[in-house]
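Have a look at the structure below before the remarks.
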Amino acid sequence: MGCLFIPRAMAIVLISGLFILLILFLLSLTEHAPFLPILFKVVSVFGTVGLSMSLTLDLSEFGKWVIMCVMFFGKVGMLTLTFSIARRSHVDIRYPNGRFIRGEVQKIYFYFSV
C-alpha cells in the first residue's frame, strides 16, 4: 500500500518545484532585487510560512499580484489544482442491483399520568 503513494508524492514535489522555478524566473525578470531575497520570498510564500526579507514593499504591482497567486496555489496545493483542472474521460460508477427489505415504522405514544 505504501508503494501507491510514492508516485503521488513525487508528482507533488516535481510540480511544486517547477512552479517555484517558473515564478522565480518571472519575478527575476520583472523585479529589480537580488536573487536570494526573491528566492526566499517565493519559497516562503508558496509554503505560506510568513517569513520575509522585507522585499514585499519593494515589489511592483505585478509582483504583488504574482505573490498573491503563489500564496493561493501554495495554500490549496498543487496536486489538488492539477486534479481539479484535469478532466476524467471515463467515470466508473456502478450501482448495486437488488431488492431491499424495509420494515414499517410504528408510532409509539407515551402517556404520562399525573
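The values are calculated or read from the model by the stated rules, or taken from the named source; none is laboratory data. These numbers come from a predicted model, not from an experiment. Cβ: placed from backbone, ideal geometry, glycine included. Neighbour counts: every protein chain shown. Ligands, DNA and RNA are excluded from the accessible area calculation, which covers all protein heavy atoms including side chains. Shrake-Rupley method; radii C 1.70, N 1.55, O 1.52, S 1.80 Å.
Only one of S60, S52, S16 is without any contact (Cβ under 8 Å) to a residue 24 or more places away in the chain and among the small types (G, A, S). Can you tell me which?
S52
Of the residues F72, F40, which is open to solvent by 60 Å² or more (accessible area, probe 1.4 Å) and within 15 Å of the chain's Cα centre (by Cα)?
It is F72.
Which is in a helix (DSSP H, G or I), open to solvent by 60 Å² or more (accessible area, probe 1.4 Å) and out of contact with any strand residue (DSSP E or B) (no Cβ under 7 Å at 6 or more places or on another chain), of I6, I20?
Answer to the check: I6.
Within the set of pairs 6 or more residues apart or between chains, which connect a residue that is at positive phi inside region 19-47 to a residue that is surrounded by 16 or more Cβ atoms within 10 Å (Cβ to Cβ) and in a helix (DSSP H, G or I) with Cβ atoms less than 6 Å apart?
Here the result reads none, with nothing in region 19-47 linked to a residue that is surrounded by 16 or more Cβ atoms within 10 Å (Cβ to Cβ) and in a helix (DSSP H, G or I).
Can you tell me which residue among E31, E104, E61 is loosely packed, with under 10 Cβ neighbours inside 10 Å, at pLDDT 80 or above and of a type in the set (D, E)?
E61
State yes or no: is L14 assigned to a helix (DSSP H, G or I) and either of a type outside the set (A, V, I, L, M, F, W, C) or surrounded by 10 or more Cβ atoms within 10 Å (Cβ to Cβ) (or both)?
Answer is yes for this residue.
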